[in-house]
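The structure under discussion appears below in the form of structure tokens.
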Amino acid sequence: MGLATGEWFQNAWFTRDQEPAPTLTSPLTAEPWQRAMAAAGYRATIVVRAQQEFADDTLRAAVTDSIGVRGLPAILVGVPTPHDVFLATQYDDQGNTLRGWAVTGGNTIRFDETEIRTLTEWQKQTHILVAPSMRITRAERRVVYRQALQRGLTMLREKEMGAFHAGPATYDAWQKALLDDSPAADEKSLHARRVAAIEPLIWDLAERRAWAQVCLDDIAAETPEHAAELRAASTAAKQIHDHMWKINELAGGKEPGDRALPKLHDADTRAAIADLLKKCQALDAEIAAHIEKSLNP
């Protein structure tokens with residue numbers, strides 16, 4: 001999806017009215033999913049929980065229509081776990097039971113064609129439904145790439161996304177949350193607040209910039225006239241990815257998902273992490289400048 005939409009540059013975790021309570025977000029509108037499907041050569045019905053009410057009947061009808069009538073798989077985002085995508089190719093019990101494959105993300109997409117899974121009560125978990133409705137002519141590859149870079153540039157520079165800080169404003173909110181020393185009920189609550197400013201945000205950003213590096217390198221290979229700028233942007237994206245791992249090390253983390261982070265108690269450690277976040281903010285600005293030059297040589 002990122003290669004077609006530029007979503008690898010989204011930074012939106014802190015709400016503008018409650019900065020110390022970060023949360024991972026998916027695209028809040030259908031638009032990026034429409035662009036991704038169009039790039040793949042499909043028109044689709046897309047339902048986003050954040051935008052509209054999820055009625056079970058509506059969801060089942062969209063899935064059974066896509067699979068049973070059009071012979072096209074349906075894509076469910078957020079099942080069987082919140083970080084998975086489910087590709088449904090069969091249904092039973094009028095769409096209440098689905099069969100297909102789970103695709104797990106990360107720096108490497110994990111998909112095993114031999115592991116066919118069955119889902120029930122999927123309506124409660126799904127937060128985005130993508131139901132292809134018809135095949136269309138795919139846009140020329142260079143057009144798709146240019147649109148993705150344009151969208152990525154916008155995401156790197158826009159400071160608001162709905163109720164969330166975005167782009168450079170995210171880094172400001174992030175540092176503020178990390179360095180917040182306002183009173184808490186007890187030491188345990190204070191540490192939990194600090195951990196929430198690190199985990200899992202650093203892994204979300206690390207994954208996004210890892211994919212940014214992959215996508216920028218792919219586009220550079222397809223557009224050699226812009227390769228120098230795009231590879232420079234890719235290098236900066238890798239630096240951000242590496243800084244996230246360094247932040248985990250500074251905090252005393254052992255691996256992704258480790259929420260102990262014992263070194264966050266230390267003020268100097270938190271200051272060092274904030275300095276790395278400032279560097280990442282500058283690197284994102286550098287990436288934006290390189291992308292802009294590639295779009296307007």
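For segment 30-101, which fully contained strands (runs of 3 or more DSSP E) count at least 2 residues that are polar (S, T, N, Q)?
84-92
Within segment 259-297, which residues are in a loop (DSSP other than H, G, I, E, B) and under 24 Å from Gln213 (Cβ atoms)?
Asn296, Pro297
Which residue is surrounded by the most Cβ atoms within 10 Å (Cβ to Cβ), if the candidates are limited to segment 61-76 and must be in contact with a Phe, Trp or Tyr (Cβ under 8 Å, 6 or more places away or on another chain) and in contact (Cβ under 8 Å) with a residue 24 or more places away in the chain?
Leu76
Of all residues in segment 124-134, which are at pLDDT below 90, of a type outside the set (A, V, I, L, M) and outside any loop (DSSP other than H, G, I, E, B)?
Answer for segment 124-134, where residues must be at pLDDT below 90, of a type outside the set (A, V, I, L, M) and outside any loop (DSSP other than H, G, I, E, B): Lys124, Gln125, Ser133.
Just checking, which of Asp217, Asp180 is more than 16 Å from Ala12 (Cα to Cα), touching a Pro at 6+ places or on another chain (Cβ under 8 Å) and of a type in the set (Asp, Glu)?
Asp180
Residues checked against (1) touching a residue at least 60 places away in the same chain (Cβ under 8 Å); (2) in contact with a Gly (Cβ under 7 Å, 6 or more places away or on another chain); (3) under 23 Å from Pro168 (Cβ atoms):
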residue	(1), (2), (3)
His241	no, no, yes
Gly252	no, no, no
Asp258	no, no, no
Pro262	no, yes, no
Asp266	no, no, no
Asp275	no, no, yes
Ala282	no, no, yes
Ala288	yes, no, yes
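Considering only residues that are surrounded by fewer than 14 Cβ atoms within 10 Å (Cβ to Cβ) and at pLDDT below 90, which ones fall in segment 84-119?
Gly105, Gly106, Asn107, Thr108, Ile109, Arg110, Phe111, Asp112, Glu113, Thr114, Glu115
With respect to Lys246, determine if the residue is at pLDDT 95 or above, over 18 Å from the mean Cα position of the chain (by Cα) and either crowded, with 19+ Cβ neighbours inside 10 Å or farther than 25 Å from Glu158 by Cα (or both).
So Lys246 fits the description; yes.
Evaluate segment 14-36: report whether one residue or more is within 19 Å of Asp284 (Cβ to Cβ), crowded, with 19+ Cβ neighbours inside 10 Å, modelled with pLDDT of 85 or more and not small (Gly, Ala, Ser).
Yes, there is a match, as at least one residue in segment 14-36 is within 19 Å of Asp284 (Cβ to Cβ), crowded, with 19+ Cβ neighbours inside 10 Å, modelled with pLDDT of 85 or more and not small (Gly, Ala, Ser).
Among the residues of segment 139-198, which ones are within 30 Å of Asp217 (Cα to Cα), basic (Lys, Arg) and without any contact (Cβ under 8 Å) to a residue 24 or more places away in the chain?
Lys159
Would you mind finding the one in Trp211, Trp203, Trp245 that is touching a Gly at 6+ places or on another chain (Cβ under 6 Å) and not acidic (Asp, Glu)?
When all the criteria are applied, what remains is Trp211.
Which of the residues that make up segment 53-107 are farther than 26 Å from Leu205 by Cβ and among the aliphatic types (A, V, I, L, M)?
The answer is Ala55, Leu59, Ala61, Ala62, Val63, Ile67, Val69, Leu72, Ala74, Leu87, Ala88, Leu98.
Does His165 meet the test of being within 28 Å of Ala88 (Cα to Cα) and within 23 Å of the chain's Cα centre (by Cα)?
No, not satisfied.
I'd like the residue in segment 40-53 that is touching a Ser or Thr at 6+ places or on another chain (Cβ under 8 Å) and modelled with pLDDT of 75 or more and, out of all such residues, is farthest from His127 (Cα to Cα).
Ranking the candidates gives Gly41 first.
The values are calculated or read from the model by the stated rules, or taken from the named source; none is laboratory data. Since this is a predicted model, take the numbers as computed values, not measurements. Positions of Cβ are backbone-derived with ideal geometry, glycine not excepted, and every protein chain shown enters the neighbour counts.
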